[in-house]
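Okay, structure first, notes after.
The values are calculated or read from the model by the stated rules, or taken from the named source; none is laboratory data. This is a predicted model, so every value here is computed, not measured. Note: ideal-geometry Cβ built from the backbone for every residue, glycine included; neighbour counts use all protein chains shown.
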Amino acid sequence: MMTHKINQSYRLLVFLLVSMLLNGCATTQYGNFIQNPSLQASQSMAMDAAAQIDRLYPAASTQLILGHSVHDAFGQTLVEKLRVAGFAVQEVPEPTIEQSLFAVPQSPAEPQAGIRLSYIVDQMEHIYHANIQIGDRHLSRAFMAKDNDFHPAGHWVSRQ
């Protein structure tokens, strides 16, 4: 009888671990994934992204809600340039260690008014890639580093 209960507990533990691992695989990670990004590259891409967002959305009447915390020069420059252009940008508060370790399930918060904004910045050799998600719209552009300067390697691509 005791071995049956231990076996059931073991199965439940394995099931929970597998479901947590699968959940981690299913979620998209956002942010800057460039190893040691240069400040010039990050700022150049962010200014270009902010200008494109400004062309597509009316600044004074658009509120953007960041879908993740911002720790890098790209994100900080993007938020700064969007605010200067007149956008209301709501940032995600950084959780404290206690909050992340002892997270208590809370009731769903009220839906926030605004458009969710997330980004992924990555690099493959000398080509950089910025992918911005605003609501259901995806903006993407490649950039190249050449002679200590940074240039777009094509047009912005938009997909909804």
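Wholly within region 14-111, which helices (runs of 4 or more DSSP H) include no fewer than the required count, namely at least 1 residues that are modelled with pLDDT of 80 or more and closer than 22 Å to D122 by Cα?
39-56, 73-85
Could you please give the count of residues in region 130-160 that are farther than 20 Å from V79 by Cβ and in contact with a strand residue (DSSP E or B) (Cβ under 6 Å, 6 or more places away or on another chain)?
Adding up the residues that qualify gives 10.
Which of the residues spanning region 126-148 are under 18 Å from N36 (Cβ atoms) and either part of a strand (DSSP E or B) or in contact with a helix residue (DSSP H, G or I) (Cβ under 9 Å, 6 or more places away or on another chain) (or both)?
I127, Y128, H129, A130, F143, M144, A145, N148, listed by residue number.
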